[in-house]
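Heads up: the structure comes next, in C-alpha cells.
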Amino acid sequence: NLGVINIPVYVHVVYSNSAENVSDQQINSQIAVLNEDFRATNNDLNQVPSEFSSVVTDSEINFTLDGVFRHANPQTSWGTNDAVKNEYPPITPETHLNIWVCNLGGGILGYAQFPGGPSNTDGVVLLYSSLPGGSAAPYNEGRTATHEVGHYLNLRHIWGDGRCNRDDFVADTPESDGPNYGCPSYPTVNCRSTDMTMNYMDYVNDACMYMFSEGQKERMRAIFQSGGSRSAM
Ligand code: ARG
Ligand code: ZN
Ligand code: CA
C-alpha cells in the first residue's frame with residue numbers, strides 16, 4: 001500500500017494575449033479541483049446514484065504546484081502535434097506532471113500522453129479557458145484537467161474507444177457503446193447495462209462528471225508500484 005501518492009506539478013502558461021495568460025489564482029483553483037476530484041472531496045460526489053455508490057472511491061492521489069512558467073508567444077493557437085511541448089520542453093517529467101495551458105484550436109479541450117511514452121512530450125495540454133472560471137462553458141469547471149490527468153495516469157475512456165465489446169481494462173465501469181455528451185439523465189442504458197456517465201472518463205459536461213471507480217483507482221496506482229514514480233506498465 002503506497003498511501004497517498006503526491007504528484008508535484010509544473011504549469012507552463014503559453015499565451016498570445018492577456019486572456020490566455022491565466023492568473024495564479026486560476027491555476028491554484030485548478031490544482032484544488034484536481035485534489036478534490038482525485039481525493040473524492042468534490043461537493044457533487046453525493047450525486048452518484050446508489051447503483052454505483054459501492055465503487056465510488058478516493059484515488060488517494062494528491063497534486064502540489066511546484067512552479068508556474070509563463071511564456072509570451074505570438075502563435076495564436078496550438079494543435080495536438082506537441083509543438084507547444086517542443087517549444088517549452090517538460091521539466092523533470094520523471095518526477096513531475098507537466099501541464100501546458102494554451103489556446104488549443106479546433107474545439108479541443110485538452111490532450112494527454114499515457115504512461116510509457118517519450119519523456120520529451122510527457123504531460124497534459126489544456127485549453128486555457130477550460131480552467132475553473134474560464135470561458136469554455138460547460139467545460140469551465142476544471143474537469144478537463146481531471147479527465148486528462150486520468151489519461152496521464154493510464155485511464156482509457158469508459159467506452160473503451162469502441163462499441164460494447166471494447167474494454168477500458170477496468171472491470172467496474174460498465175460496458176458502454178460510445179461517449180455520452182451533455183448531462184445525461186439517469187439511467188442511460190447501453191450494452192444492456194447502465195452507463196457510468198458521471199465518470200470523469202466520459203465526455204459529459206464538467207458539472208455532470210464527479211467520480212472515479214475503485215477499478216480505475218487500482219489501474220492508476222498500479223503505475224506507481226515499481227519504485228514509486230509513474231512508469232509504464
Ligand atoms: N475530449 C478531450 C479528451 O478526450 C477532453 C474531454 C473533457 N471533458 C470535459 N467535460 N471536460 O481528452
Ligand atoms: Zn479523453
Ligand atoms: Ca469497463
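Bear in mind these aren't lab numbers, they're just calculated from the coordinates by the rules spelled out. From a predicted model like this one, the values you see are computed outputs, not experimental measurements. Backbone-built Cβ (ideal geometry, glycine too); neighbour counts: all protein chains shown.
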*How about region 34-140: which GluC sites (Glu not before Pro) there lie in a loop by DSSP and see at most 13 other Cβ atoms within 10 Å?*
Glu94
*Under 5 Å between amide H atoms, partner at least 5 residues away or on a different chain: which partners does Val13 have, H built in plane at 1.01 Å?*
Phe69, Arg70, His71, Val101
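Given the convex hull of the Cα atoms of region 3-44, what is a quarter of its surface area in nm²? Let's see the in-between values first.
Working: hull surface 15.6 nm².
If I average the Cα hull's projected area over directions, I get 3.9 nm².
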*Roughly how many Å is it from the Cα centre of region 168-203 to that of region 1-29, as a whole number?*
29
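Have a look at the DSSP beta bridges in region 32-186 and tell me what percent are antiparallel, nearest 5. Mind showing how you got there, number by number?
Values: 3 of 8 bridges.
About 40 percent, rounded to the nearest 5.
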*Can you give me the three principal axis dimensions of the chain from its C-alpha atoms, in Å, biggest first?*
50, 40, 31
_For the chain, built as a Gaussian network whose Cα springs stay under 10 Å, the top-fluctuating residue of Ala72, Ala32, Ala222_ = Ala72
*DSSP loop trypsin sites (Lys or Arg not before Pro) with at most 16 other Cβ within 10 Å: longest gap in the chain*: 40-162
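Let me spell out the model: positive unit charges on the Cβ of Lys and Arg, negative unit charges on the Cβ of Asp and Glu, origin at the Cα centre of the chain. What dipole size does that give, in debye rounded to 20? Numbers along the way, then the final one.
Details: 12 positive and 26 negative charges, 57 e Å.
For the chain, the charge dipole is close to 280 debye.
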*Sort by residue number and report every cysteine in the chain with no other cysteine beta carbon within a distance under 4.7 Å.*
Cys102
*Tell me, what HN-Hα J-couplings in whole Hz come from the Karplus equation 6.51 cos²θ - 1.76 cosθ + 1.60 at θ = phi - 60° for each residue of region 195-208, using x for Gly and Pro?*
5, 7, 5, 8, 7, 4, 9, 9, 10, 6, 4, 3, 5, 10
